[in-house]
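Submitted below is the structure of interest, expressed as structure tokens.
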Amino acid sequence: MEMHRVSSGFWGNLSSQQEERLQQLWALILQFGEAPAVSSILDPISPVSSPGDVQPKASSPSLRSRNSFIFRTESNLSRRNSSIAYPPHHARLIDNLRSRGMSTSDIKTARKCLASLTPEEVRFGIITAAKHDRPDAYLLRFLRFAKWDVNKAFIRLLNSLRWRMKDMHVDSQLLSKGELHALELSQRALDPEAAEEGEAFLDQLRMGKCYVRGVDRMNRPVCVIRVRLHQPGAQSEVVLNQFITHIIESVKLLLSPPVETATVIFDMTGFSLANMEYAPVKFIIRCFETYYPESLGVLLLHNSPKIFSSIWKVIKGWIDPELVKKIHFTRSVDDIEQFIAREHIVSELGGDDDWEYEYTEPDPEENEIMDDYMTRNVLFAERQGIADEFLAATSQWIASSRAKDSLGVSEASHYREETVEQLRTNYWRLDPYIRARNCLDRAGIIQEGGKVEHYPSSKQVIQIQTAKILQVEHVERARVKIVNV
């Protein structure tokens, strides 16, 4: 397996200019979602800011509440938004964006996004979306795709967060309910529509329309899509988009620095026009360009028939040229072997890995731990506290850099690293309480504490009670700390 070196533009290999662009993006985010001490930090570097302007602070959720931030309903958020107005704050940020040379169309997009996102949602939306990854790496994805144009990266980030929270409800519904919820829906005899949606979602998993198996030569997880199994109309566009998002989010959990991308194989063996549907293709493109930029390492279009050539001419025109460079046509196992070692290529693609896909149905008790709201809220409150500390350190990092205070930069950087590690470990403690188990958990690929086994020897046994016991001591310490604060 080849060594995966940190490429330029990724955390750990940033030029001084790239680091400055990252700080500029953080400054815009912090100006909108006031982090601790941010007003004193940003005023000197934002000519349109006024030291007297006070931004409304978001309060932390009550530990007695059953619903923490990522579990609030849309109606709750709407009621909350209606009670707090942010026009002056928005105006100041828009003025700042305009002074940075943002186009009129991008300003319009920014206004639309800012009107539907609160400062709290922007700040913790980034932390939530990053999950176990460092928040810097999450922002760098948008900067790299935007070719380091901070304005464009900021707009794309806001669009992604708005889609994630307001449209797809990725964390509050899709991931928190998961495959078991789909199974329960499919069994609702008195609600045929819901039963049909649940069944359609699960059918795609059961047939193996898309599966994850092993890694490529760069240690990137490999996702295979069997295009011949797609039947337009067999599921609604909503269900299909949920399925695609579910797969992407599942694969994201397998990524660990320095690996930040995945390899996707569209196996077009047996493809016919009856399998072609443009809507999901457009959604996948939006995922790779807007919702999950810089998540694709390489995409292989394998064994495509001649009839696909005319279709490809249409699709190619929709894709960003930089993304097109990551797409390759392969015909044989020898072609695939340029990207994946033959022993890791599944036999149905001509490789030596005789593994066969098999879907394990959800266990009715696999998500029982999610009913422990007290522990979940304690861990989430701890995460919010760590996030506040990270954002405060980020503010200091930016200010020290601009003041050319090398000691201040060193101290802020050191503290940021500490909080990043705390966020990572906190996420994997919190994960069982906020994310329903999926097929990768049941297959033993995602294991306890975030350990990833790409080639598990046996299926993972979910030990709910054991997980609870292991967390008791840490949760008690966290609860005492929060109460004392």
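The values are calculated or read from the model by the stated rules, or taken from the named source; none is laboratory data. Computed from a predicted structure; not experimentally measured. Every residue, glycine as well, gets a Cβ built from its backbone with ideal geometry; the counts of neighbours run over all protein chains shown. These area figures cover heavy atoms from the full protein model, side chains too; ligands, DNA and RNA do not enter into them. Shrake-Rupley method; radii C 1.70, N 1.55, O 1.52, S 1.80 Å.
Taking θ = phi - 60°, what integer Hz values does the Karplus form 6.51 cos²θ - 1.76 cosθ + 1.60 yield along region 95-108, in sequence order, with x for Gly and Pro?
The phi angles translate into 4, 5, 4, 5, 5, 8, x, 5, 5, 4, 5, 5, 4, 4 Hz.
List the equivalent ellipsoid semi-axes of region 178-329 in whole Å, largest first, each obtained as the square root of 5λ for an eigenvalue λ of the Cα gyration tensor.
Working through the eigenvalues yields semi-axes of 26, 20, 14 Å.
What are the ³J(HN,Hα) values, in whole Hz, obtained from phi via the Karplus relation 6.51 cos²θ - 1.76 cosθ + 1.60 with θ = phi - 60°, for each residue of region 375-381 in sequence order, with x given for Gly and Pro?
Rounded to whole hertz, the list is 5, 4, 5, 5, 5, 6, 4.
Report the label-to-label distance for Glu193 and Ser16 in nanometres (one decimal), using points 7 Å from each Cα along the Cα→Cβ vector.
Spacing of the two 7 Å Cα→Cβ label points: 6.1 nm.
To the nearest 20 Debye, how big is the dipole of region 322-377 about its Cα centre, given +1 on the beta carbon of each Lys and Arg and -1 on that of each Asp and Glu?
Magnitude of the dipole: close to 660 debye.
Carbon-plus-sulfur fraction of the accessible area of region 123-280, 1.4 Å probe, in percent?
53
How much length, in nm to one decimal, is gained on full extension between Ser406 and Asn219, taken as 0.36 nm per residue of separation minus their Cα-Cα distance?
Result: 63.7 nm gained on full extension.
Right, something else. Taking 45 Å as R0, compute the FRET efficiency from the Cβ-Cβ separation of Glu277 and Ser413 and round it to 0.05.
0.40
Moving on to the next point. Set the Förster radius R0 to 25 Å, insert the Cβ-Cβ distance between Thr425 and Met374 as r into 1/(1 + (r/R0)^6), and round the FRET efficiency to 0.05.
Efficiency at R0 = 25 Å is approximately 0.80.
Suppose R0 equals 22 Å. What FRET efficiency, 1/(1 + (r/R0)^6) with r the Cβ-Cβ distance, do Lys306 and Leu229 give to the nearest 0.05?
The pair Lys306/Leu229 has a calculated efficiency of 0.60.
Please compute the length gained on full extension between Ala115 and Lys147, using 0.36 nm multiplied by the number of residues separating them and subtracting their Cα-Cα distance.
Difference between extended and current length: 8.9 nm.
Oh, and also: Name the residues of region 209-242 whose amide N is less than 12 Å from a point 7 angstrom out from the Cα of Val259 along the C-beta direction?
Those under the cut-off are 213-223.
At a probe radius of 1.4 Å, what is the per-residue accessible area of Thr425, in Å² to the nearest 10?
About 40 Å², ignoring ligands and nucleic acids.
Compute the distance from the alpha-carbon center of region 292-316 to that of region 384-443, in whole Å.
The distance from the Cα centre of region 292-316 to that of region 384-443 comes to 36 Å.
Would you mind computing, in nm to one decimal, how far apart the modelled labels at Gln173 and Ser8 are, each placed 7 Å from Cα along Cα→Cβ?
Computed distance between label sites Gln173 and Ser8 equals 4.4 nm.
Additional query: Hey, what does the equivalent ellipsoid look like for region 277-368, semi-axes from the Cα gyration tensor as sqrt of 5 times each eigenvalue, largest first, whole Å?
With the √(5λ) rule applied to region 277-368, the semi-axes are 27, 22, 14 Å.
Follow-up. Taking all protein chains together and a probe of 1.4 Å, list Arg331, Arg226 from the most accessible to the least accessible.
Arg331, Arg226
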